[in-house]
Every structure is written in C-alpha cells, then in structure tokens.
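Read the figures in this text as sums done on the coordinates, not as results from a lab. As the structure is a computational prediction, the values presented were derived from the model and not from experiment. When we count neighbours, we look across all protein chains shown, and the Cβ atoms used for this are built from the backbone with ideal geometry, even at glycine.
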C-alpha cells in the first residue's frame, strides 16, 4: 500500500486511538497532524521519538472538525492507518515490580476524564469499576493503573502496587508485566490487547458502534478479550466479579 510522503497524516482522538496509530508512526517517517483531547500527547510522542508536524488540542467534537478544516486549507490530509497489535512493546522496559512467582493482574478502574464528561453530559452509563474488585485478587499480584486522583484511598502492599505516573508512556511500559488485565473501557485495555495479554473489560451496556468496531470486536474475535456488559457496575458487581474470576481461571488453564 502506498502512503504519500507529502501528505499530513491525521492522528485524532484519545489515548486508545493514539495507541492504534503507534505501529504506523514507528514504521513510517511521515508528517503527522496530532489532534487530541489527551493533554499528554506531546510527551507520549516524545517517548516514542516521533515529532509531529502539527499538534492541536480540542475539547468538543465541533471544535475538532473546525481544526481539521483549518489545517486542510493548506495540506492534503490522510487518516493515519490503525493497527490492532504491536510487534513488541514500544515503551521502555521497566524493572519488575514483583518476583514472588505469582501471576500478575493489571487493573484500571476508570475511563478517561473526557469520556466520563461526555457520558454524564449525554446521560449515558459511566465507565468505572468498583475499587473493591482489587480485594478479590488476593491470590495474585496486582498492578493498579490510573491518575493520582483516581487512586486516592488505595494503599500499596506486598502484592499491590500503584502506577500513576504523569508520563503515561512510563505507566504503559508496566502493562507488559501483567499476565492478565481487568479494566474499564479505557486505554489500558487497548494497550494490553495490543500486546496480546488476556484482557477482561467491564463495559457499559449501550450502543456504541465505533467503540465496538475499533476497540472491542476484533480482540474478542481473536480470543484476546472478553467483556462484561453492565447497566450499573456497582449494582451488578457480584455478577461482574463472577465473570471476571471465570475469565481468569480459563486464561490460566489455556496458558
């Protein structure tokens, strides 16, 4: 497939979108137009040694469309191709958090601030897993991912470590240390799926064709991901944890 060098390749959306564009950016030296609501995009590009031609932020979809039209006046814009998988971990290897021989579960409790605000504004089901799920994994090591404000009230122990770097590239680097990931519908579940780590996703039971096509269906089809769909994650916690533990048991048996 031919990718003209003079075109401006659009990297748009949030962190999960960004991750699916990474394999192309690492393979092809092109001009990139980054348009995102993710405030750490510049630092993430820096960690990958990719320098965008243009980087802009937006906070609403109409603002996003206006910025694309603005740049398109003087450039030929092509959508950057997505990839469902990495060839290897694109982020620097970090020192192992555990050496006790137990399996390690990565946990991410929340979706992005942008998606949360969107869901609330449109009266949709929010992306959030009850924090008490961590107590259910007492037989495993647990790495909990999130922003500092997401992890308030959680404590570390011998088998629970918190990863909350402002530099999200460093946080993503630790996903590789997980044998399994249990996550909200968030960028962490995309990172783990792209590394082919067995991933269980707690996700809102609503119609979202873009979400399903881009971030869910292919991984489910390939046997990397399973999902638990809820209307109220807190009210349906018992069923969610039941399906989560079944997933972990099945994954252990297939390894």
Sum of -39500 (n - 2.57) over DSSP H runs of 4+, divided by residues of the chain (222 nm, nearest 500): -9000 deg cm²/dmol
Rounded tilt (10° steps) of 15-27 against the dominant C-alpha axis of the chain: 60 degrees
On Cα atoms only, tilt of 237-254 relative to the major axis of the chain in degrees: 90 degrees
The stretch 104-254: relative contact order as a whole-number percent, Cα under 8 Å and 6+ apart: 25 percent
Gyration tensor verdict on the chain (Cα atoms; rounded if a/c is under 1.5, prolate if a/b is larger than b/c, oblate otherwise): prolate
Residue 74-residue 212 FRET efficiency (beta carbon distance; Förster radius 45 Å; 0.05 resolution): 0.80
Cα gyration tensor category, rounded, prolate or oblate, for the stretch 8-79 with a/c compared to 1.5: oblate
Gap separating the Cα centres of the stretch 45-92 and the stretch 225-247, nearest whole Å: 34 Å
Inter-site label distance for residue 43 and residue 102 at 7 Å from Cα along Cβ, in nm: 2.9 nm
Global form of the stretch 104-254, assessed from the alpha-carbon gyration tensor, a/c cut-off 1.5: rounded
Tilt relative to the chain, helix 61-72 - C-alpha long axis, 0 to 90 degrees, to 10: 40 degrees
